[in-house]
């Protein structure tokens, strides 16, 4: 029978370090791409709506393990020699972006229509409406589900 000793503890500590590192990469990269996806999902541009919808369908509709396998084993088929950590990071970023994008889209759309109309009445551009009126309010709504998703990433 094998006992749990100091070498096993060091092994678990090292694994926890990599878990936290990959989780941070997935959240930061997913947040950047997820914000772009959320803004595309709430825009009036039909091409952006379609592209973001397809992105979300693909990455929410397939298991994360499949995405990991496709990126790691599919990259060499395309002639790319990819490091396992880069493959894992890329898959986790894309997956996180799809989920965070939908979470944040819902939060943006939860802002009352009157707030949008008030910003339009002030003659603010679409970018200024989002930056100054909508996104600060959506941030408060988005905080709890975002923290919950970060726990899932870890």
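Read-outs: derived from the displayed coordinates by stated rules, not from any lab. What you see is a predicted model; the values in this text were computed from it and never measured. Here the Cβ positions follow ideal geometry from the backbone for every residue, glycine too, while neighbour counts run over all protein chains shown.
Looking only at the stretch 76-114, which residues are in a helix (DSSP H, G or I), over 28 Å from residue 25 (Cα atoms) and touching a helix residue (DSSP H, G or I) at 6+ places or on another chain (Cβ under 6 Å)? Spell out how you get there, then give the answer.
Taking the stretch 76-114 and keeping what is in a helix (DSSP H, G or I), we get 76-77, 84-109, 113-114.
Checking which are over 28 Å from residue 25 (Cα atoms) leaves us with 113-114.
Answer for the stretch 76-114, where residues must be in a helix (DSSP H, G or I), over 28 Å from residue 25 (Cα atoms) and touching a helix residue (DSSP H, G or I) at 6+ places or on another chain (Cβ under 6 Å): there is none.
Look at residue 141 and say whether it is under 15 Å from residue 42 (Cα atoms) and touching a residue at least 12 places away in the same chain (Cβ under 8 Å).
Working: under 15 Å from residue 42 (Cα atoms): no; touching a residue at least 12 places away in the same chain (Cβ under 8 Å): yes.
The answer is no for residue 141.
When you scan the stretch 77-92, how many residues do you find that are in contact (Cβ under 8 Å) with a residue 40 or more places away in the chain and buried (at least 20 other Cβ atoms within 10 Å of the Cβ)?
Here is the first cut: in the stretch 77-92, the ones in contact (Cβ under 8 Å) with a residue 40 or more places away in the chain are 85, 88-89, 92.
After this cut, where a residue has to be buried (at least 20 other Cβ atoms within 10 Å of the Cβ) as well, the list is 92.
Selection size over the stretch 77-92: 1.
Restricting to the stretch 131-154, name every residue that is part of a helix (DSSP H, G or I) and either in contact with a helix residue (DSSP H, G or I) (Cβ under 7 Å, 6 or more places away or on another chain) or more than 27 Å from residue 26 (Cα to Cα) (or both). Quick ask: steps written out before the conclusion?
At the first step, the residues of the stretch 131-154 found to be part of a helix (DSSP H, G or I) are 131-153.
Of everything in the stretch 131-154, those that are part of a helix (DSSP H, G or I) and either in contact with a helix residue (DSSP H, G or I) (Cβ under 7 Å, 6 or more places away or on another chain) or more than 27 Å from residue 26 (Cα to Cα) (or both) turn out to be 132, 133, 134, 137, 138, 141, 142, 145, 146, 149, 150, 153.
In this structure, is residue 52 part of a loop (DSSP other than H, G, I, E, B), touching a helix residue (DSSP H, G or I) at 6+ places or on another chain (Cβ under 8 Å) and surrounded by 13 or more Cβ atoms within 10 Å (Cβ to Cβ)?
Values: part of a loop (DSSP other than H, G, I, E, B): no; touching a helix residue (DSSP H, G or I) at 6+ places or on another chain (Cβ under 8 Å): yes; surrounded by 13 or more Cβ atoms within 10 Å (Cβ to Cβ): yes.
The answer is no for residue 52.
Read through the list (1) surrounded by 19 or more Cβ atoms within 10 Å (Cβ to Cβ); (2) closer than 30 Å to residue 71 by Cα, then give the number of the only condition that residue 107 fails.
(2)
Looking at 19, 42, 62, which one is free of Cβ contacts under 8 Å to residues at least 24 places away in the same chain and on the phi < 0 side of the Ramachandran plot?
Details: 19 fails: free of Cβ contacts under 8 Å to residues at least 24 places away in the same chain; 42 fails: free of Cβ contacts under 8 Å to residues at least 24 places away in the same chain.
The conditions single out 62.
If the requirement is being buried (at least 16 other Cβ atoms within 10 Å of the Cβ) and part of a helix (DSSP H, G or I), which of these qualifies: 40, 15? It would help to see each step written out before you state the result.
Values: 15 fails: buried (at least 16 other Cβ atoms within 10 Å of the Cβ).
Answer to the selection: 40.
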